[in-house]
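Here is the structure we will look at.
The values are calculated or read from the model by the stated rules, or taken from the named source; none is laboratory data. Here the structure is a predicted model, which is why all the values come from computation and not from measurement. So basically every Cβ, Gly included, is an ideal-geometry build from the backbone, and we count neighbours across all protein chains shown.
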Amino acid sequence: GRLWAVVPAAGRGTRFGGEVPKQYLAVGGEPLIAHTLTALCAHPKVDGVVVVLAEADAHWPGWQAIAGKPVVTCVGGSERADSVLAGLAALPDSVRADDFVLVHDAARPNLHPADIDRLLEYGRNDPVGAILAAPLRDTLKRAGDDGGIDGTEPRERLWRAFTPQLFRRLQLSRALEAARDAGVAVTDEAMAMERQGLRPLLIEGREDNLKVTTAADLALLEFLLGSR
Ligand code: C5P
C-alpha cells in the first residue's frame, strides 16, 4: 500500500497573540510548516501529503510538491477531528481503506526520520496502529481553585502523546466520525480509536519533537532546527 500523511494546519493558533497563525511563523528563514512538510516528504517511505488549511487561508505558500512528493490541500473545520476527517477524505484513491496513514501536527516541525521509521516498523505490525509518545518525567500536581496543591498524581504509566500517529484510513475515519457524532472533542487521533475499544501501541519518540505553542517553544525550535 501507499503511505500518505495528513497534516492538520487549520488551527487559528494565535495563543501567541499575533496575527499570523503559529504554523506560518518564520523559523530559520522559513515558515514553520515548511520544516514540518519537508520532514515528512523527505522520508523515503512517504508518498505524499495532504495539508488541511483554514478556510480563506491567505498565508499558505501554494506548494504543490516538496522533495518530489505531491502536496494536496483541503479545507478543515472548527474542531481538530473535523480537520483530520477532511484530510482523510482528500487522500487520493491510491490510498486504500485498510492502508495506514500518518497524521502529524503542522506545529511539530522537529520530526526526525528515525522516529518515523520506528513508528512504521512497529505500528504497521499492530492490528490497530501506533503513536509516538514519551513517558512523563516531571512530578504531577493537581491544583486547587486557590492555586494550592490538592495532591500529587502518580506518574507511573503516564505518557505524553505526540504525533505522527499511524492508523488505517477507514478505521480512523469511522472513529473520528463516532467521536464527532457523540460530541466528544478528541485532542488526538488515538483518543478516537480508544473510544472504539481499540488499543494503539505507544512508541517512545524523541522528546524534542515539540509542539510549538508559546514564544519560548519558538526560540527552542530555532536552536533545535539549527543544530540538525
Ligand atoms: O491547537 P493545537 O496546537 O492542539 O493544534 C494541533 C494541530 O491541529 C495544529 O497543527 C493545528 O493547526 C491543527 N488544527 C486543525 N484544525 C482545528 C484545530 C487544530 O487543523 N480545528
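For segment 131-145, the condition of being at pLDDT 95 or above and among the hydroxyl-bearing types (S, T, Y) holds for at least one residue.
Checking A9, A34, A5, A39 one by one, the residue that is surrounded by 19 or more Cβ atoms within 10 Å (Cβ to Cβ), near the ligand (Cβ under 8 Å from one of its atoms) and at pLDDT 95 or above is A9 and no other. Filtering segment 193-228 to residues that are at positive phi and surrounded by 15 or more Cβ atoms within 10 Å (Cβ to Cβ) leaves nothing.
Per the listing I116, I149, the residue uniquely closer than 17 Å to L102 by Cβ and among the aliphatic types (A, V, I, L, M) is I116. Selection within segment 135-151: residues that are surrounded by 10 or more Cβ atoms within 10 Å (Cβ to Cβ) and out of contact with any strand residue (DSSP E or B) (no Cβ under 6 Å at 6 or more places or on another chain). The member of this set that is farthest from L210 (Cα to Cα) is A143. What residue, among those in segment 75-87 that are more than 7 Å from the ligand (Cβ to nearest atom) and either surrounded by fewer than 22 Cβ atoms within 10 Å (Cβ to Cβ) or polar (S, T, N, Q) (or both), is nearest to V186 (Cα to Cα)? Ranking the qualifying residues of segment 75-87, first place goes to A86.
Put simply, of L176, L120, L102 the only residue that is part of a helix (DSSP H, G or I), of a type outside the set (S, T, Y), closer than 15 Å to W4 by Cβ and at pLDDT 95 or above is L120. Residue pairs whose Cβ atoms lie under 9 Å apart, sitting 6 or more positions apart in sequence or on different chains, and linking a residue in segment 88-110 that is under 12 Å from H35 (Cα atoms) and in contact (Cβ under 8 Å) with a residue 60 or more places away in the chain to a partner that is more than 14 Å from the ligand (Cβ to nearest atom) and polar (S, T, N, Q), are P109/T38.
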